[in-house]
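A quick write-up on the structure given underneath.
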Amino acid sequence: FAQPDVSAEKYVGRAGDIYISEQEFLQRFEMLPALYRHRKPQIDNTKLELMYSIVAEKLLAQEAKSRTFDRDSLFQRAFYEVRKLLARDQLYREEVSDKVEVTEKEITSGIKEARKQVLTSFIFFEREADAKFVHDQMKLPEDFDELAIDSSMNITRDTATVIWGDANEAIENVVYGLKVGEISRVVQAGDGFYMMKCLQIVPNTFYSGMQFSVLRERVVRKIRERKEHERMLEFLKTAFRNTAGYSRPEPLKALAEALMKV
């Protein structure tokens, strides 16, 4: 109640000389396991236990600092490892997560696709040339099932249900654009190449039964996860381009000898 109104930061507690902000408390609470979180009495008890834990943590830290434990070589060595992790997380935020944006168009499309699943028949090829050759031979949808393929191509025929968010993104992007009976183009995914035929499109009962706000949150999280992964790979390519690497002689020599044998 004594907090000035001009302050943008809100506080929920105090431990010695340190104030515990509402933002810190919420962030720490969100990192806890979510077991029984739907039960209100359990939530209240968990929040109270967390508050006691944070207060104790900060009191112990202040006591340790007053005893100059922070100057101990073992502590400094351990804390250096923590600092590296914090620096890594900050770098990820600045170079990856903060540079990714999820648009309303992507969310709307994701929600629409999440509410259905696609049953497909597919042919897997190890070589792209084989996949493209067979694809060019197929003139009608019926050819997908009836066309005889040389066994030397080492293909695999099977069926699969493609569920939004669970499948390989390259396959998912193609399959969700197919109509029933339509054959896809050759798609590279994983260790090979795929051709797919849409057999049936049915509702996804798991996503369709969700409350809209929950479904939207899941879709946003999945889209962001994929875009962040793509951005991270892009960042790593540029970050390590034209940079020198260093190694002790022993492992470098072992690596060189192994490469020479190959």
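The values are calculated or read from the model by the stated rules, or taken from the named source; none is laboratory data. Just so we're clear, the structure is a prediction, and the values are computed from it rather than from any experiment. A quick note on method: Cβ atoms are made from the backbone with ideal geometry, for glycine too, and the neighbour counts reach across all protein chains shown. Note: accessible area is taken over every heavy atom of the protein model, side chains too, but ligands, DNA and RNA are not part of it. Shrake-Rupley method; radii C 1.70, N 1.55, O 1.52, S 1.80 Å.
Numbers below:
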{"read-out": "Residue match in region 198-207 (condition: open to solvent by less than 60 Å² (accessible area, probe 1.4 Å) and among the hydroxyl-bearing types (Ser, Thr, Tyr))", "value": "yes"}
{"read-out": "Only listed residue being touching a helix residue (DSSP H, G or I) at 6+ places or on another chain (Cβ under 6 Å), acidic (Asp, Glu) and either open to solvent by 60 Å² or more (accessible area, probe 1.4 Å) or at pLDDT 90 or above (or both), chosen from GLU126, GLU106, GLU146", "value": "GLU106"}
{"read-out": "Qualifying positions in region 222-249 - open to solvent by 90 Å² or more (accessible area, probe 1.4 Å) and modelled with pLDDT of 90 or more", "value": "GLU225, HIS229, GLU230, GLU234"}
{"read-out": "Matching helices (runs of 4 or more DSSP H) fully within region 76-186 where at least 1 residues are farther than 30 Å from ARG221 by Cβ, out of contact with any Cys (no Cβ under 6 Å at 6 or more places or on another chain) and among the small types (Gly, Ala, Ser)", "value": "128-137"}
{"read-out": "One residue from VAL214, VAL219, VAL187, VAL162 being within 19 Å of GLU104 (Cα to Cα), open to solvent by less than 80 Å² (accessible area, probe 1.4 Å) and in contact with a helix residue (DSSP H, G or I) (Cβ under 8 Å, 6 or more places away or on another chain)", "value": "VAL219"}
{"read-out": "Boolean, TYR194 is closer than 18 Å to ASP145 by Cβ, hydroxyl-bearing (Ser, Thr, Tyr), touching a residue at least 60 places away in the same chain (Cβ under 8 Å) and open to solvent by less than 70 Å² (accessible area, probe 1.4 Å)", "value": "yes"}
